[in-house]
Amino acid sequence: LVNFATHSSLFDLLIVSKLRHRFPKIFGKPKWISNITGTPTCVDDVTTAMIGPFPELNDFNAITAMVRLPVVLKGVPPECRYWSIQAFLSGGKEIVSGNQIVCDKEFSLDEDGKYTLTISATKPSSGSWIDSGDAVMAKMIVIRAFCCNPGSGWRTPDLYAKDGSMTKMSETERIAGPCALSRTVSSGPVTRLKTSLLANAFFLLGFPQYARAVVTGGLGAVLMRRMALRKVDKKMRGLLLGVRKLKPNVDVSMPAARASLGGSAKHSYFTMIYDAREGDVVVSGVLKWKKDGKDMFRYTSVTCYEFNALPLPSYFDDRSLTGHAVPQGDKEKYDVVLTTKPTRKKGLNEIDVSQYPFGVVVVRLVYPVDDNVL
């Protein structure tokens, strides 16, 4: 238990953030946690599954939790196709107007190219603003960066308490992107086990009884990881198969208008259950849609997941999908084949689901111009 708590950011996100809120002098300032592997702020896969839905393979998030309002964020826009900052509010009425998220084109930048975002009940005289209503706390503040430019890096914003002195609450940490998927690198239980062993290496030299304790602690962390992922798996199956009663390869869970991601229609998810154990499954969707010369949405993707919310290694977005024009129409469509026996043919959109032939497929639609697009 101690080993898991020490080496899992899930513990920090769920427990320490609450203690930090109540006892800031003891537990320090809020800090950012990221889903990007290879950085000091990276979460493990248990945390990523627990705080789902799992982010897009090229959607790099940074999260800070339990932040007392009002607060001011100051930073530099990341180098990517699309980015946004969202506040999940608590302690007051739910804000469902969509104003709790600000997207890249909505930010006003100063002459140095930097943004200032205030989360408060009263509108500031300058900069961007998220209306917190009568909420006294942000459960989470999330930064999303879609399709980071190859080789680029970006930094999380500085976080300030909005008082007379503008007290700095957290340090800026560099978040690199794009990087590999967490499950394909040693950022999960292996890292926790290695860290535990290295940290206690001096015990291994002369005290075998401590070595047994260290190894047992490491194995305990691995077992707890499996238990946590099984819990997520059971919960997701109960929601999709039990509550929503989705039929595999048939039903689609549609995003409710202006209901995705806590009241914002700017990120919309279509969820389906696929079953490719007895044959290929084809997912058809809209790749591009122009109306009067205007794009009807900014980004779309197709990603497959296990029921524990961890993604399969391959996916498609609107830059990698091969589409086909619709005769006498203003749309371009795509077909994605979910298969256990990929042919690797050029121009064929295939996702290899042999690793997990029964799971969840999510189609994302970012920034539709209105609810009718959904």
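Read the figures in this text as sums done on the coordinates, not as results from a lab. The model shown is predicted, which means the values in this text are computed figures rather than measured ones. With ideal geometry, Cβ positions are generated from the backbone for all residues, glycine too; neighbour counts draw on all protein chains shown.
The Lys123 and Lys234 beta-carbon pair, evaluated with R₀ = 41 Å, returns a calculated FRET efficiency of approximately 0.40.
Tell me, what is the percent relative contact order of the stretch 247-374, built from C-alpha pairs under 8 Å that lie six or more residues apart? Reported as a whole number, the value is 34 percent.
Can you tell me the FRET efficiency between Asp371 and Ile15 if r is taken as the Cβ-Cβ distance and R0 is 25 Å, rounded to the nearest 0.05?
On the way: r = 38 Å, r/R0 = 1.53.
Given R0 = 25 Å and the Cβ-Cβ separation, E is 0.05.
Between amide H atoms placed 1.01 Å from N, distances below 5 Å from Ala135 occur with Lys93, all of them 5 or more places distant or on a separate chain. Restriction of the trypsin sites (Lys or Arg not before Pro) in the stretch 318-374 to DSSP coil positions whose beta-carbon has at most 13 other beta-carbons within 10 angstrom yields Arg319, Arg344, Lys345, Lys346.
Given a Förster distance of 35 Å, report the FRET efficiency between Glu111 and Ser284 from their Cβ-Cβ distance, rounded to the nearest 0.05.
0.15
Checking the a/c ratio against 1.5 first, then a/b against b/c, what shape does the Cα gyration tensor give for the stretch 324-372? Working shown, then result.
Values: a/c = 3.66, a/b = 1.50, b/c = 2.44.
Oblate shape, in that a/c is at least 1.5 and b/c is the bigger or equal ratio.
Amide H contacts for Ser301 (H built 1.01 Å from N in the peptide plane; partners 5 or more residues away or on another chain; cut-off under 5 Å): Arg364. For the stretch 134-140, the Karplus equation 6.51 cos²θ - 1.76 cosθ + 1.60, evaluated at θ = phi - 60°, returns couplings of 9, 5, 9, 8, 9, 4, 8 Hz by residue, with Gly and Pro reported as x. Close amide H contacts of Thr156 (hydrogens built in the peptide plane, cut-off under 5 Å, sequence separation of 5 or more or a different chain): Glu173, Ile175.
Name the shape class, rounded, prolate or oblate, that the alpha-carbon gyration tensor gives for the stretch 288-374, where a ≥ b ≥ c are the square roots of its eigenvalues, rounded holds for a/c under 1.5, and otherwise prolate holds if a/b is larger than b/c and oblate otherwise. Judged from the Cα gyration tensor, the stretch 288-374 comes out oblate (a/c at least 1.5, b/c at or above a/b). Could you tell me the convex hull volume per residue, in Å³, taken over the Cα atoms of the stretch 220-374? Convex hull volume per residue, Cα atoms: 139 Å³.
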